[in-house]
Amino acid sequence: MKFATKAIHAGQQPDPSTGAIMTPIFQTSTYVQASPGNHKGYAYARGKNPTRSALEKCIAELENAKHGICFSSGMGAIDAVAKLLRPGDEVITGDDLYGGTYRMFTKIYEQFGIKFHFINLLDQTTVKKHINANTRLIWIETPTNPMMNIVDIEGCSKLAKANKLLLAVDNTFASPYLQNPMDHGADIVMHSATKYLGGHSDVVMGALCVNDDKLYEQLFFILNSCGANPGPMDCFLVLRGIKTLHIRMERHCFNGRKIAEFLRGHKKVDNVNWPGFTDHPGHQVAKKQMKDFGGMLSFSLKGNKSEDAFRIASSMSVFSLAESLGGVESLIGHPATMTHASIPKAEREKSGVSDSLLRLSVGIEDISDLLKDIESALH
Ligand SMILES: *Cc1c(COP(=O)(O)O)cnc(C)c1O
């Protein structure tokens, strides 16, 4: 089946007891057993819930993966992957990671004896140089947040396979509509379903996709043992959100392109980071691994003053000043003081997150209203 058909139907059948076309919200903690241990695959809802099962099958199909597992948040999903590691293991990851991932790796997992190398993943020889006998995992994001750097998934997967490492890809920014890391050799695909999958800023959830049966069992064991399972109502909301993912993404891409081009021509704007520009350093790789370039972009201001960025971020009327991304509504954020506040200033600036950098999650409103809003805020 093609993507749009899978988005609407994958993992879902009319409810056999009533014919309800939509997957019911199975708001239950336990399931009746005919005799001890004799149940229909569902014993207790921390382990499994039918609303969640439908969503997991749907997300797995959208990612061309065999298995999906949903978690109570994106961080819950990343935490499960980190729990595959043992003291002494090493992880290679990017130097412009999502702030929450950086915080978890440095503040939680370093104290358990896991070593993280935060490096420039754009250069494959740098990645290679950091691989040693203790390396277990390469963790990448692409496009990255908020600089919109593009990491070569296939290149990383070749290095991972040659050295028997796991490659995990945080696919939140692209969504499965734009990019399927499994097709480029990833072992684990991770989503903050809070963003494009849910798509309506009304739910927090995470997901993992894998092909390997053993890896799936390990991750499911961690979910069931540690308890970061999502509730059935949230699963229903994400299932419903996904039904329009392809349509929303088309409009996110269309609006994102228009806004990137407008900002690039504006006299107060310094750099615009958007992988659709042919002179973006990752453009060729983006063309290879992505279907289109998405609705996420960031830009810095001439003079690089945080007060100018603050003024713009606070004076918009269609764009809302808020954390998060991937919803139908347009958002603006100031990474240095919002999403990236927990990253030390020197490290933040090294990766390009300057004081005047603003990040846009371009929504699916009418493009003329969005452009008018930006134009008057920049005035
Ligand atoms: C939001 C986000 C996360 C964390 O997901 P939550 O659902 O907020 O826990 C991880 N990675 C990226 C790229 C994100 O944008």
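Mind checking which pairs have a first residue in the range 58-81 that is within 15 Å of Gln12 (Cα to Cα) and assigned by TED's automatic domain parsing to the domain that holds Cys209 and a second that is within 15 Å of the ligand (Cβ to nearest atom) and of a type in the set (S, T, N, Q), Cβ under 6 Å, 6 or more apart or different chains? If the second residue must be within 15 Å of the ligand (Cβ to nearest atom) and of a type in the set (S, T, N, Q), no pairs are left.
Against the definition (of a type outside the set (S, T, N, Q) and assigned to a loop (DSSP other than H, G, I, E, B)), how does Glu375 come out, yes or no? If you could, list the steps in order and put the result at the bottom.
Details: of a type outside the set (S, T, N, Q): yes; assigned to a loop (DSSP other than H, G, I, E, B): no.
The answer is no for Glu375.
Restricting attention to the range 197-229, the residues that are outside any loop (DSSP other than H, G, I, E, B) and not basic (Lys, Arg) add up to 18. All of (1) under 19 Å from Pro281 (Cβ atoms); (2) buried (at least 20 other Cβ atoms within 10 Å of the Cβ); (3) away from the ligand (no atom under 16 Å from the Cβ); (4) aliphatic (A, V, I, L, M) hold for Ile119 with one exception: (2).
Candidates Ala322, Ala346, Ala377: the one that is over 18 Å from Arg251 (Cβ atoms), surrounded by fewer than 17 Cβ atoms within 10 Å (Cβ to Cβ), in contact with a strand residue (DSSP E or B) (Cβ under 9 Å, 6 or more places away or on another chain) and aliphatic (A, V, I, L, M) is Ala322.
Out of all the residues in the range 256-281, which are polar (S, T, N, Q) and more than 20 Å from the chain's Cα centre (by Cα)? Show your work before the answer.
As a first pass, look at the range 256-281 and keep what is polar (S, T, N, Q): 271, 273, 278.
Across the range 256-281, the qualifying residues are Asn271, Thr278.
Would you confirm whether or not the range 38-54 contains a residue that is over 30 Å from Asp123 (Cα atoms), hydrophobic (A, V, I, L, M, F, W, C) and outside any loop (DSSP other than H, G, I, E, B)? Full working, then the answer.
Within the range 38-54, the first condition is being over 30 Å from Asp123 (Cα atoms), and the residues that meet it are 38-54.
Pick out the ones that are also hydrophobic (A, V, I, L, M, F, W, C) and you get 43, 45, 54.
Still in the list and also outside any loop (DSSP other than H, G, I, E, B): 54.
Looking through the range 38-54, at least one residue is over 30 Å from Asp123 (Cα atoms), hydrophobic (A, V, I, L, M, F, W, C) and outside any loop (DSSP other than H, G, I, E, B).
Which of the residues spanning the range 314-331 are more than 13 Å from the ligand (Cβ to nearest atom) and touching a helix residue (DSSP H, G or I) at 6+ places or on another chain (Cβ under 8 Å)? Please lay out each step first, then the result.
The initial filter retains those residues of the range 314-331 that are more than 13 Å from the ligand (Cβ to nearest atom), namely 314-321, 328-330.
Within the range 314-331, Ser315, Met316, Ser317, Val318, Phe319, Leu321, Val328, Ser330 qualify.
Where residues in the range 172-229 are in contact with a Phe, Trp or Tyr (Cβ under 6 Å, 6 or more places away or on another chain) and under 12 Å from Ser72 (Cα atoms), which of them is nearest to the ligand (Cβ to nearest atom)?
Initially, the range 172-229 is screened for residues in contact with a Phe, Trp or Tyr (Cβ under 6 Å, 6 or more places away or on another chain), giving 175, 206, 210, 228.
Those left that are additionally under 12 Å from Ser72 (Cα atoms): 206, 228.
Details: Gly206: 5, Ala228: 10 Å.
Filtering the range 172-229 for residues that are in contact with a Phe, Trp or Tyr (Cβ under 6 Å, 6 or more places away or on another chain) and under 12 Å from Ser72 (Cα atoms), the one nearest to the ligand (Cβ to nearest atom) comes out as Gly206.
Out of Ile8, Ile25, one residue alone is among the β-branched types (Val, Ile, Thr), within 30 Å of Ile153 (Cα to Cα) and either away from the ligand (no atom under 16 Å from the Cβ) or not in a loop (DSSP other than H, G, I, E, B) (or both). It is Ile8.
Reported count of residues in the range 63-106, each being more than 11 Å from the ligand (Cβ to nearest atom), part of a helix (DSSP H, G or I) and closer than 23 Å to Gly352 by Cβ, is 2.
Every test in (1) free of Cβ contacts under 8 Å to residues at least 40 places away in the same chain; (2) in contact with a helix residue (DSSP H, G or I) (Cβ under 7 Å, 6 or more places away or on another chain); (3) more than 20 Å from Lys195 (Cβ to Cβ); (4) of a type outside the set (A, V, I, L, M) is passed by His334 save one, and that test is (3).
Please enumerate the residues belonging to the range 232-259 that are surrounded by fewer than 19 Cβ atoms within 10 Å (Cβ to Cβ) and either in contact with a helix residue (DSSP H, G or I) (Cβ under 7 Å, 6 or more places away or on another chain) or part of a helix (DSSP H, G or I) (or both).
Residues of the range 232-259 that are surrounded by fewer than 19 Cβ atoms within 10 Å (Cβ to Cβ), as a first pass: 233, 240, 243-244, 247, 250-251, 254, 258.
Those that are surrounded by fewer than 19 Cβ atoms within 10 Å (Cβ to Cβ) and either in contact with a helix residue (DSSP H, G or I) (Cβ under 7 Å, 6 or more places away or on another chain) or part of a helix (DSSP H, G or I) (or both): Met233, Arg240, Lys243, Ile247, Glu250, Arg251, Phe254, Lys258.
Restricting attention to the range 257-316, the residues being among the acidic types (Asp, Glu) and closer than 18 Å to Ala377 by Cβ number 4.
Just checking, does the range 188-196 include any residue being assigned to a strand (DSSP E or B), in the same structural domain as Arg52 (by TED's automatic domain parsing), in contact with a Gly (Cβ under 6 Å, 6 or more places away or on another chain) and of a type outside the set (A, V, I, L, M)? Explain how you work it out, then say what you get.
Quick first cut of the range 188-196, residues assigned to a strand (DSSP E or B) only: 188-192.
In the following step, the residues that additionally are in the same structural domain as Arg52 (by TED's automatic domain parsing) were identified as 188-192.
Add one more test, that the residue is in contact with a Gly (Cβ under 6 Å, 6 or more places away or on another chain), and what stays is 192.
Filter once more, keeping what is of a type outside the set (A, V, I, L, M): 192.
Within the range 188-196 (the criterion being assigned to a strand (DSSP E or B), in the same structural domain as Arg52 (by TED's automatic domain parsing), in contact with a Gly (Cβ under 6 Å, 6 or more places away or on another chain) and of a type outside the set (A, V, I, L, M)), the answer is yes, since at least one residue qualifies.
Report yes if Phe220 is among the aromatic types (Phe, Trp, Tyr), in the same structural domain as Met148 (by TED's automatic domain parsing) and surrounded by fewer than 21 Cβ atoms within 10 Å (Cβ to Cβ), otherwise no. First the steps, then the outcome.
Working: among the aromatic types (Phe, Trp, Tyr): yes; in the same structural domain as Met148 (by TED's automatic domain parsing): yes; surrounded by fewer than 21 Cβ atoms within 10 Å (Cβ to Cβ): yes.
Answer is yes for this residue.
The values are calculated or read from the model by the stated rules, or taken from the named source; none is laboratory data. Since we're looking at a predicted model, the values are computed, not measured. Neighbour counts run over all protein chains shown; Cβ positions are idealised from the backbone, glycine included.
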